[in-house]
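The values are calculated or read from the model by the stated rules, or taken from the named source; none is laboratory data. Here the structure is a predicted model, which means the values were calculated and not measured. Cβ placement follows ideal geometry from the backbone for every residue including glycine, while neighbour counts extend to all protein chains displayed.
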C-alpha cells in the first residue's frame, strides 16, 4: 500500500464530518430501527421463521442506512475534488502521482473508505439487533455482500467526482452547494423506496435501489423486490404472499452500465476541468 | 537547467493576466513587482495550475502542459498545492515528501528552526496555520523536495524579522539548479545582490538586472537616457537609474511605485 492510499483512507474515515454524520448520526437511526420501529418483532419470537425475519429486517435496516452512510461520507470526496483541484493539477505533473496512478489509488482508497463506513454501520446494527432480539444475524452470502458494498462504494465515488467536477465549473454558489450534497441526496432515494412500491424497474434504472435490495437478499437469503421492501417484509416474508423479486442479473448488468458510464464521464470532466483556487470557492 | 517562457499568455477563466511573456529564468532569480502585477500567476502557470493561452512554459525542456509524473523537476510553495487531502500538517508533509521525492527529516528540522514543531504540525491542518506559519511550511516543503527547480511565491510575507533571516539563509543555501523568488519587498535586493532580477508590472516582465544594481538605483518618471531599465505600466513610464531618483529600497514595497509616479516623483516616507 502506498502512502497516498493509506493517507487517503485516513483523511476520509477520520474526517470529523464523516464521524459525526456518517457514523454516529446513522448509528442513531440504526438504534431507532431496532429499538423503536422494530420493537414489536420480539412478539414473534416463538414463530419458526423468527430468526429469518430478524435477519431480513436487520438487513433492510443496515442495507438502507449503509447506503445513506456511504452517500454522506462521499460528500467529503466531492469536497476533495473542489479543494484539491490545484493540488491535483500540480501533483499529476510534478510528482510520482501521475494521472493513471492517481486514478487507481484514489478509486481504491475512496471505495475502501466508503466500505469501511458501511461496515461500521453493518457491524453496529448486527450488535444492536443481537442485544434486542437475541439473534446473531450472519450474512448468508458474505462474499456477495462484500461485492455489493464495493459496487455501491464505486458508484458513490464516481458520483462524487462527477458532482465535484461539475461544481468546479459552475459559478453559482447555490448550484455548487446542492452538487456538493448530491451523493447524500441520492442516498436517500433508496431509503424512501423501502416504504413505497414502484415495481422492480426502479432497481434496474438506479443502482442504489437495486443494490440495496440485493444486499437484503445476500444477508437474508431471500431476494426481495427492488421497492416496497418493508411491505414485502410484512406480507410476503412473514405471511408468505407471492411477489416478484428483483432480477439480480439484470440489476448487476444495469449497475455495471452505470459504473462504466460514470467512469467515462469522470475521465472526460477531469480532462476538461481547470484548477480553481480554494479561496475562489468560498 | 532553466525555466523558459516563450510568448506565454497566462491567466484564469479565459482572461490573461500575463501577456506574451518571454524570459529565461535560470540560477537564482528574483521577480520583483507590486501586488497584482502577475508574479503569482506566472508561478501558477509554470506549476501547471493557471492556464496558458498562447506560447509555452518549459521546465528543463519539459512543456508544463504535457508534463506528467515528473517528480524532482519542480517544487513550489503555492499553498493551494498542499490541499490535496484533509490531513494535519505533519501527515500532509509526509505525503508530499513521499510523492515529490523529498526529505521529511530535513523538512522537519527546518520547520522546527522556524518555530513549527511536530506537535503543532500534528494538531493543525495546513490551512489552520497562521499566514506566516503557512508560508514557512510551504516554503520549507518546496525546498525539501530536492527538486531541480523551485518556485517561491512571497516566502517572507508575514514572517517576523528573525524567521525571515532564517528562511533567507535556507533559501540561499538551496542546492536546486534554479530558485525563483517572487516578492514585492525591496529589502531583499541588498541581501541577494548576485541574484538576477526581473521587474514585473501589469502582466509584463522587464529585465534582467543584478539585484545589487537595482538596490543602488532610483526611480524617476519618464524615459531617462542612462536608465538601467525603462518600465511602462498603466500608461506611466519610469526609469531606473543609478545614483538619483527615489531609491528603490526606500519604497520598501513596490506597491508604492504607482503612488510615486502619479505624484511626479515625490513619495511620502
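Checking each residue of the stretch A:71-89 against the condition of being away from chain B (no Cβ under 14 Å), touching a residue at least 60 places away in the same chain (Cβ under 8 Å) and buried (at least 17 other Cβ atoms within 10 Å of the Cβ) gives at least one match. Across the stretch A:26-38, the number of residues qualifying as part of a helix (DSSP H, G or I) and in contact (Cβ under 8 Å) with a residue 24 or more places away in the chain comes to 8. Within the stretch B:1-40, restricting attention to residues that are closer than 26 Å to residue B:174 by Cα and within 14 Å of chain A (Cβ to nearest Cβ), the residue that is surrounded by the most Cβ atoms within 10 Å (Cβ to Cβ) is B:3. Of note, residue A:7 satisfies the criterion of being part of a helix (DSSP H, G or I), in contact with a helix residue (DSSP H, G or I) (Cβ under 8 Å, 6 or more places away or on another chain), surrounded by 18 or more Cβ atoms within 10 Å (Cβ to Cβ) and within 14 Å of chain B (Cβ to nearest Cβ).
A quick yes/no check of all residues on (1) modelled with pLDDT under 95; (2) surrounded by fewer than 17 Cβ atoms within 10 Å (Cβ to Cβ); (3) part of a strand (DSSP E or B); (4) within 14 Å of chain A (Cβ to nearest Cβ):
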site: B:42; (1), (2), (3), (4): no, no, no, no
site: B:45; (1), (2), (3), (4): no, no, no, yes
site: B:65; (1), (2), (3), (4): yes, yes, no, yes
site: B:69; (1), (2), (3), (4): yes, no, no, yes
site: B:72; (1), (2), (3), (4): yes, no, no, yes
site: B:94; (1), (2), (3), (4): no, no, no, yes
site: B:108; (1), (2), (3), (4): no, no, no, no
site: B:112; (1), (2), (3), (4): no, yes, no, no
site: B:120; (1), (2), (3), (4): no, no, no, no
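Looking only at the stretch B:22-54, count how many residues are out of contact with any helix residue (DSSP H, G or I) (no Cβ under 7 Å at 6 or more places or on another chain) and either closer than 22 Å to residue B:148 by Cβ or free of Cβ contacts under 8 Å to residues at least 24 places away in the same chain (or both). Break it down into steps so the answer makes sense when it comes.
Our first condition is that a residue be out of contact with any helix residue (DSSP H, G or I) (no Cβ under 7 Å at 6 or more places or on another chain); within the stretch B:22-54, this holds for B:22-29, B:36-46, B:51, B:53-54.
Right, trim to either closer than 22 Å to residue B:148 by Cβ or free of Cβ contacts under 8 Å to residues at least 24 places away in the same chain (or both) and you get B:22-29, B:36, B:39-40, B:42-46.
Number of matching residues: 16.
Within the stretch A:139-153, the presence of a residue that is within 14 Å of chain B (Cβ to nearest Cβ), touching a helix residue (DSSP H, G or I) at 6+ places or on another chain (Cβ under 6 Å) and crowded, with 20+ Cβ neighbours inside 10 Å is excluded.
Residues in the stretch A:99-108: is at least one closer than 17 Å to residue A:60 by Cβ, touching a helix residue (DSSP H, G or I) at 6+ places or on another chain (Cβ under 8 Å) and more than 14 Å from every other protein chain (Cβ to nearest Cβ)? Before you say what the answer is, go through the steps one by one.
Let us first name the residues in the stretch A:99-108 that are closer than 17 Å to residue A:60 by Cβ, namely none.
Looking for residues that are closer than 17 Å to residue A:60 by Cβ, touching a helix residue (DSSP H, G or I) at 6+ places or on another chain (Cβ under 8 Å) and more than 14 Å from every other protein chain (Cβ to nearest Cβ), one finds none in the stretch A:99-108, hence no.
Of everything listed in (1) surrounded by fewer than 24 Cβ atoms within 10 Å (Cβ to Cβ); (2) closer than 18 Å to residue A:82 by Cα; (3) at the interface with another protein chain (Cβ under 7 Å from one of its Cβ atoms), the single unmet condition for residue B:98 is (2). Within the stretch B:177-192, is even one residue buried (at least 19 other Cβ atoms within 10 Å of the Cβ), on the phi > 0 side of the Ramachandran plot, touching a residue at least 24 places away in the same chain (Cβ under 8 Å) and not in a helix (DSSP H, G or I)? Within the stretch B:177-192 (the criterion being buried (at least 19 other Cβ atoms within 10 Å of the Cβ), on the phi > 0 side of the Ramachandran plot, touching a residue at least 24 places away in the same chain (Cβ under 8 Å) and not in a helix (DSSP H, G or I)), the answer is no, since none of the residues qualifies.
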